[in-house]
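Student: Structure in structure tokens, see below.
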Amino acid sequence: MRFDALIFDFDGVLLESEYAGNAQLADWLTRSGHPTSVEQAMDNFMGLAGLDFIGAVERWIGRALPDDFHSARAEEDARAIAEGIAAVEGAVAFVRGLPPELPKAICSSSSSHWIESHLRNIGLDGVFAGMIFSGREHVERGKPAPDLYLHAAAALRVPIQRCAIIEDSPVGVQGALASGATVIGLVAGSHCRADHEERLRALGVRQVARTFDEIAALLA
């Protein structure tokens, strides 16, 4: 292992939730009179959370979001947690194969409740105990600011320059690069289109992996 710690994004890296979540968002926007494709939703909103997410959606529709938007999102989140979402292919085996003593954390724009619930669903409950960080709960500025990654590195007690961050979204990649860590772009999720690797490289990502086996090779 070339690094002293690993930091994972969650949605789209460990969990196959990006496509499903953006499909639901696109459907709601379209039914509300703002035709939006899944691809447009992913291009404009993927990786954002909290006020940044709300602001992006409101700019897209040109008005304040109605109350039923938030209730629809909460209902969909509850359904997804109850039914479960599949892990990204190879993710569970990769995490389980890491040395137990290796410091590792999750940095996500999702809530801690969402992350912890789905970690239980995919069989990784307890692996990241105490090292699960949410951009909407643990820092004032979420992604694409670097704050969440710096917060995690401090909690892991590892210099950020000795950390590798695994990210899939352009928003996440921007913050990860700004933090000073080594960034590995992952394009293994079902939401990654043919040009996804090109988009990440255009932002400055030098190392891109298509599978978790490729990530293991990059880390060795």
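Student: Here are F128, F133: which of them is touching a strand residue (DSSP E or B) at 6+ places or on another chain (Cβ under 6 Å), hydrophobic (A, V, I, L, M, F, W, C) and closer than 20 Å to L177 by Cβ?
Tutor: Answer to the selection: F133.
Student: What number of residues within the range 86-120 are crowded, with 19+ Cβ neighbours inside 10 Å and hydrophobic (A, V, I, L, M, F, W, C)?
Tutor: 11
Student: Report yes if D213 is in contact (Cβ under 8 Å) with a residue 12 or more places away in the chain, out of contact with any Ser or Thr (no Cβ under 8 Å at 6 or more places or on another chain) and not assigned by TED's automatic domain parsing to the domain that holds Q40, otherwise no.
Tutor: yes
Student: Give the range 155-170 a look and list any residue that's closer than 18 Å to I132 by Cα and in contact (Cβ under 8 Å) with a residue 24 or more places away in the chain, or say none.
Tutor: A155, L156, R157, V158, P159, C163, A164, I165, I166, E167, D168
Student: V95: in the same structural domain as S108 (by TED's automatic domain parsing) and not basic (K, R), yes or no?
Tutor: Against the criterion (in the same structural domain as S108 (by TED's automatic domain parsing) and not basic (K, R)), V95 qualifies.
Student: Looking at L200, L177, L148, L186, which one is surrounded by fewer than 23 Cβ atoms within 10 Å (Cβ to Cβ) and aliphatic (A, V, I, L, M)?
Tutor: L177
Student: So is I115 of a type in the set (V, I, T) and either over 15 Å from the mean Cα position of the chain (by Cα) or outside any helix (DSSP H, G or I) (or both) or not?
Tutor: Against the criterion (of a type in the set (V, I, T) and either over 15 Å from the mean Cα position of the chain (by Cα) or outside any helix (DSSP H, G or I) (or both)), I115 does not qualify.
Student: Another one. Can you name the condition, by its number, that R96 falls short on among (1) on the phi > 0 side of the Ramachandran plot; (2) modelled with pLDDT of 95 or more?
Tutor: The number of the failed condition is (1).
Residue-by-condition table, conditions (1) at pLDDT 95 or above; (2) more than 24 Å from Q174 (Cβ to Cβ):
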{"residue": "L25", "(1), (2)": "no, no"}
{"residue": "W28", "(1), (2)": "no, yes"}
{"residue": "A41", "(1), (2)": "no, no"}
{"residue": "V92", "(1), (2)": "yes, yes"}
{"residue": "I106", "(1), (2)": "yes, no"}
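Student: Also, I was wondering about something else. How many residues are of a type outside the set (G, A, S) and touching an Asp or Glu at 6+ places or on another chain (Cβ under 9 Å) if we restrict to the range 178-198?
Tutor: Final tally of qualifying residues: 8.
Student: Another question about this same structure. M1 - would you say it is assigned to a helix (DSSP H, G or I) and over 16 Å from H118 (Cα atoms)?
Tutor: Criteria not met by M1.
Student: Which one of these is under 20 Å from I165 (Cβ atoms) and free of Cβ contacts under 8 Å to residues at least 40 places away in the same chain: E101, E58, E16, E75?
Tutor: E101
The values are calculated or read from the model by the stated rules, or taken from the named source; none is laboratory data. Given the structure is predicted, the values throughout are model-derived calculations rather than measurements. Because the Cβ atoms are built from the backbone with ideal geometry, glycine has one as well, and the counts that use them run over all protein chains shown.
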